[in-house]
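Only one structure is covered here, and it is reproduced in the block below.
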Amino acid sequence: MNRPRKTGEHQARKRFGQNFLVDHNIIEKIVSAIAPAPGQNLIEIGPGQGAITGPVLEKCPHLNVVELDRDLVPILQKKFQEYPDFHIHQGDALKTDFSQFYQEGKPLRIIGNLPYNISTPLMFHLLSFSGQIRDMYFMLQKEVVTRLAAAPRDKNYGRLSVMVQYYCRVQPLFQVPPSAFRPAPKVESAIVRLLPYPEPPYPADDLQLLSRLVRACFQQRRKTMRNTLKHMLEVEQLEQLDLDLTRRPETLSVEDFVHLSNQIGSLL
Ligand code: SAM
């Protein structure tokens, strides 16, 4: 049986993806990238034992956090009891309605050293609130940050890159070595900043169709667009598309995917 590793008062739990930040220089670097300020609407996902929470609260004493592990709640309450505007929401961030935190004129600033096992579904969940979000700062596996930021023709370019870049500008900031955490993860990590566009630069007429199209394309990334699309369209419809059907999905930009999805929508 795997014994949880003891870190301070709390035993780190693998099933909750708990790797706690212990490197103060890295914590300072993350907090200065976030640049919290009084009056902002900050939400932290997975505060853990409060490594980032504490320095953020010093700069912005109004903070909501969403933490799944019940055992961490009393620890956080005790640690930050002098902050009346610090609110803990015990629950699953994947099921959290982030619009509950939105206030007119105060778009959300979402931050978190995310549990790596849920980072991709969490990213998709958060994108559904992108109209209410000012910015997001996440610690992720370095490989996930590379995928988020990848450009067409890059081997890391895929569904995650297209769908996140549809909504946001992606800015990888810096890497974080395993030694910055207890217990140390097996992989390198990196901090990324996501800046949702007020309006997507290439708006899709039907987001579900865009999402379905992108998923289908990257399930078979080595196939030509003709072979991918023949499951969605009749041969005559395929020929009407403004697209070179010999291209492979990985060569299409976000704009190309949206253009294609809008054309398909008008044919269906
Ligand atoms: N922020 C702390 C730090 O940097 O030291 C902890 C980071 S740890 C990688 C991830 C945190 O997310 C843990 O506190 C874990 O309990 C919490 N967590 C895991 N799954 C979660 C979920 N579905 N919703 C909210 N929090 C979750």
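The values are calculated or read from the model by the stated rules, or taken from the named source; none is laboratory data. For clarity, every value in this text was computed on a predicted model and none was experimentally measured. Heads up, the Cβs are rebuilt from the backbone with ideal geometry, glycines too, and the neighbour counts pull from every protein chain shown. Note: accessible area is taken over every heavy atom of the protein model, side chains too, but ligands, DNA and RNA are not part of it. Shrake-Rupley method; radii C 1.70, N 1.55, O 1.52, S 1.80 Å.
Taken over segment 149-203, residues that are basic (Lys, Arg), in contact with a strand residue (DSSP E or B) (Cβ under 6 Å, 6 or more places away or on another chain) and within 30 Å of Ala12 (Cα to Cα) amount to 2.
When segment 116-131 is filtered for residues that are open to solvent by 20 Å² or more (accessible area, probe 1.4 Å) and within 24 Å of Ala190 (Cα to Cα), the ones remaining, listed by number, are Tyr116, Asn117, Ile118, Thr120, Pro121, Phe124, His125, Ser128, Phe129. Summed over segment 216-268, the residues that are of a type in the set (Val, Ile, Thr) and over 25 Å from Glu199 (Cβ atoms) give a count of 5.
Can you pull out every residue in segment 75-106 that is among the aliphatic types (A, V, I, L, M), open to solvent by less than 50 Å² (accessible area, probe 1.4 Å) and under 19 Å from the mean Cα position of the chain (by Cα)? The answer is Ala93, and nothing else.
Within segment 59-75, residues that are more than 25 Å from Gln40 (Cβ to Cβ) reach partners that are of a type in the set (S, T, N, Q) with beta carbons closer than 8 Å, at six or more positions or on different chains, in the pairs Asp69/Gln18; Arg70/Gln90. Inside segment 107-138, can you point out the residues that are away from the ligand (no atom under 13 Å from the Cβ), touching a residue at least 12 places away in the same chain (Cβ under 8 Å), more than 9 Å from the chain's Cα centre (by Cα) and not in a helix (DSSP H, G or I)? Listed by number, the residues that qualify are Pro107, Leu108, Arg109, Phe129, Ile133, Arg134, Asp135. Residue pairs whose Cβ atoms lie under 9 Å apart, separated by 6 or more positions or on different chains, with the first residue in segment 9-21 and over 16 Å from Ile118 (Cα atoms) and more than 7 Å from the ligand (Cβ to nearest atom) and the second assigned to a strand (DSSP E or B) and open to solvent by 40 Å² or more (accessible area, probe 1.4 Å), are Gln11/Arg5; Ala12/Arg5; Ala12/Lys6; Ala12/Arg182. Assess whether Ala51 counts as being open to solvent by 10 Å² or more (accessible area, probe 1.4 Å), touching a Leu at 6+ places or on another chain (Cβ under 7 Å), at pLDDT 95 or above and more than 15 Å from Leu114 (Cα to Cα). When the stated conditions are applied, Ala51 does not pass them. Taken over segment 199-226, residues that are closer than 17 Å to Val258 by Cβ and part of a loop (DSSP other than H, G, I, E, B) amount to 8. Within segment 56-64, does at least one residue satisfy the condition of being crowded, with 23+ Cβ neighbours inside 10 Å, within 7 Å of the ligand (Cβ to nearest atom), in the same structural domain as Pro84 (by TED's automatic domain parsing) and modelled with pLDDT of 95 or more? Checked against the condition, which is being crowded, with 23+ Cβ neighbours inside 10 Å, within 7 Å of the ligand (Cβ to nearest atom), in the same structural domain as Pro84 (by TED's automatic domain parsing) and modelled with pLDDT of 95 or more, segment 56-64 yields no hits at all.
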